[in-house]
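Written out below as structure tokens is the structure these notes cover.
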Amino acid sequence: MRNIPAILMIFIFIFTLLLDSYILWDIVSYCRRRKKLCIGVHVAISILFLGLVIAIACWHGDSESRSIIPLMWMLYVYASVYVPKLIYCICSGIGRLFKSIRKGRKINYGIYIGAPVSLIVFIFMWWGTLFSRNEIVVENVNIVSDKVPSAFDGYRIVQFSDAHVGTWGNDTAFVSRLVDRINSMKPELIVFTGDIVNRETSEMEPFLRILSRLHARDGVYSVLGNHDYGDYMEWQFASERDSNNALMAMWQKQIGWNLMNNDRKYITHNGDSIVLIGIENWGEPPFHQYGRLTDAYPLCRDSVYNLNDERFKILLSHNPEHWNREVSKITNVDLTLSGHTHAMQMAFDIFGYEWSPSKWRYPQWKGLYERENENGDTTRLYVNIGCGEVGIPARFGIAYPELTQITLKRK
């Protein structure tokens, strides 16, 4: 684990002192009752959080477990207190400004706005941790196409993505509920579209038995995401990373998953078939690009099997930018299933309009998208916003952990 840069920690320390000093000023200026008690409580809490900042600055991952969970929670606890404090200080500061402009005004109305708003933000942040990230939501999607074979009319696929089990440490309760929920949907095929861990394969170990319970008639298929290659670790030797990646492949096989690394599989029923294609992570910078679509399925039109043939094709590709930049432009792949965005673990429904900060990064960030390629063929993308978290242990608004039930229908 890289240590947090010293300059950043100095900034956080000064930022903390400034916010707490300003709030102390407000207490001295506006508190009329039990002023000494309020000052004492505020100073005690401020000292406690300055100690937390020092602990964050001094923290380094244990050499054996390399767990980032303690640091993640320390940072989140700090943010859940000082983001609301910042909002309060901004409101109070604006109130002071207006009070100074209008000299006859004796009341700083900013504190009466800032106090309740900052409390709401604090509750909102902890609601995302204690409740929203535990509420599993199932999205139902129908894919209607005249290329769906008759034997696959009504065929049900469950997609899940971005589990990031390392965020849960050794707590298997949520993942167990997730597996039970998937199995209760009785899918004919289960697909996982990448990022099973945060940083290294060992995070999977407490969850192997639970993940092995996933069952579908035609199997469980998976691809790797950008977090599954050990690229976020500082390995002492390249061989350690190679061992990490070999363990990932071995454990996925051990739990009964079919890991598709630039590969394809024909799913057959009653003489009809569809093609399932799975590629390694196709990442735009700064993410590494391992995926090779044409290694999995040829592009050459002279081949009987090619990316523009008339078979109904489903592509598993972790990053939706792959569909945006390549798949939808040069192929007639009918349905691409991706994850990766998490909706940045924050999404809101504003009178029927869904918004997330992930829109600033990804044109396709959640749900179903369609596009016609240069030959007039319709290609579709579904982006699953994931069931786990990375960075912060929370999901906000409507960015709940997602399972997607996809039903194929013949037009």
A chain fully extended from Asn306 to Trp73 at 0.36 nm per residue, minus the present Cα-Cα distance, gains in nm 79.1 nm
So what is log10(I(q)/I(0)) for the range 110-202 at q = 0.14, 0.17, 0.24 1/Å, when the Debye sum runs over its Cα atoms only?
-0.74, -0.91, -1.29
Which of the aspartates and glutamates could be linked to Lys265 by a straight reach, that is with a Cα gap under 20 Å, when you skip same-chain ones fewer than 8 residues away?
Asp153, Glu188, Asp218, Glu280, Asp295, Asp309, Glu310, Asp334
Here the FRET efficiency for Val138 versus Ile90, based on Cβ atoms and R0 = 60 Å and rounded to 0.05, is 0.95
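Taking N as the number of residues in the range 285-347, what is its Cα Rg relative to 2.2 N^0.38 Å?
Dividing the Cα radius of gyration by 2.2 N^0.38 Å gives 1.25.
Could you list, in their original order, any pairs among Lys85/Lys106; Lys253/Lys411; Lys253/Lys359; Lys99/Lys359; Lys253/Lys366 whose Cα atoms are separated by more than 32 Å?
Among Lys85/Lys106; Lys253/Lys411; Lys253/Lys359; Lys99/Lys359; Lys253/Lys366, the Cα-Cα distance tops 32 Å for Lys253/Lys411; Lys253/Lys359; Lys99/Lys359.
Across the chain, where is the longest run that never hits GluC sites (Glu not before Pro) in a DSSP loop with at most 15 other C-beta atoms within 10 Å?
On the way: sites that count: Glu64, Glu135, Glu234, Glu310, Glu374.
Maximal segment without exposed cleavage sites: 136-233.
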So what's the gap between the Cα centers of the range 204-263 and the range 145-190, to the nearest angstrom?
17 Å
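Using a 1.4 Å probe over the heavy atoms of the protein chains, calculate the carbon and sulfur portion of the accessible area of the range 199-298 as a whole percent. Intermediate results must be reported in sequence, preceding the final value.
On the way: 2210 of 4640 Å².
Roughly 48 percent of what the probe reaches on the range 199-298 is carbon or sulfur.
Taking Rh as the Kirkwood radius, which is the inverse of the mean 1/r over Cα pairs, what is the Rg/Rh value for the range 100-258?
Values: Rg = 23.0 Å, Rh = 19.2 Å.
Ratio value, two decimals: 1.20.
Suppose a student asked you for the relative contact order of the chain, using Cα pairs under 8 Å spaced at least 6 residues apart; what percent would you report? It would help to have the intermediate numbers written out before the result.
Details: 789 pairs, mean separation 78.5, N = 411.
Across the chain, relative contact order equals 19 percent.
Please work out the average accessible area per residue across the chain, using the 1.4 Å probe convention, and give it in Å². Mind dumping the intermediate values first?
Values: 19720 Å² over 411 residues.
Here the per-residue accessible area is 48 Å².
Given the peptides 49-56, 89-96, 333-340, arrange them by the average over their residues of other C-beta atoms within 10 Å, most packed first. List each step's numbers first, then the result.
Numbers: 49-56: 14.8, 89-96: 18.9, 333-340: 26.5.
Put in order of decreasing packing, that is 333-340, 89-96, 49-56.
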Once Lys99, Lys186 are ranked on solvent-accessible area with the largest value leading and a 1.4 Å probe, the list reads Lys186, Lys99
Step through the residues of the range 315-331 one at a time and calculate ³J(HN,Hα) from phi using the Karplus curve (6.51 cos²θ - 1.76 cosθ + 1.60, θ = phi - 60°), rounding each to whole Hz and writing x for Gly and Pro.
10, 9, 9, 4, 9, x, 5, 4, 5, 5, 9, 10, 4, 6, 9, 10, 10
hull vol. (C-alpha, convex hull) per residue for the range 315-399, Å³ -> 92 Å³
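More than 38 Å apart: what percent of Cα pairs in the chain qualify?
Working: 26853 of 84255 pairs.
Within the chain, distances greater than 38 Å cover 32 percent of Cα pairs.
Among DSSP beta bridges lying fully in the range 226-337, give the percent that are antiparallel, nearest 5. Kindly include the intermediate steps, with their values, before the conclusion.
Values: 7 of 14 bridges.
Looking only at bridges with both residues in the range 226-337, the antiparallel portion is about 50 percent.
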Using a simple spin-label model with points 7 Å from Cα along the Cα→Cβ vector, what separation in nm is obtained for Ile350 and Met250?
5.1 nm
Largest-first ordering by accessible area, 1.4 Å probe, given options Arg325, Arg102, Arg33, Arg199
Arg33, Arg102, Arg325, Arg199
For the range 311-411, the accessible surface attributable to carbon and sulfur atoms (probe 1.4 angstrom, ligands and nucleic acids excluded) amounts in percent to 50 percent
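The values are calculated or read from the model by the stated rules, or taken from the named source; none is laboratory data. Given the structure is predicted, the values throughout are model-derived calculations rather than measurements. Note: ideal-geometry Cβ built from the backbone for every residue, glycine included; neighbour counts use all protein chains shown. Side chains are part of the model used for accessible areas, which takes the heavy atoms of the whole protein and leaves out ligands, DNA and RNA. Shrake-Rupley method; radii C 1.70, N 1.55, O 1.52, S 1.80 Å.
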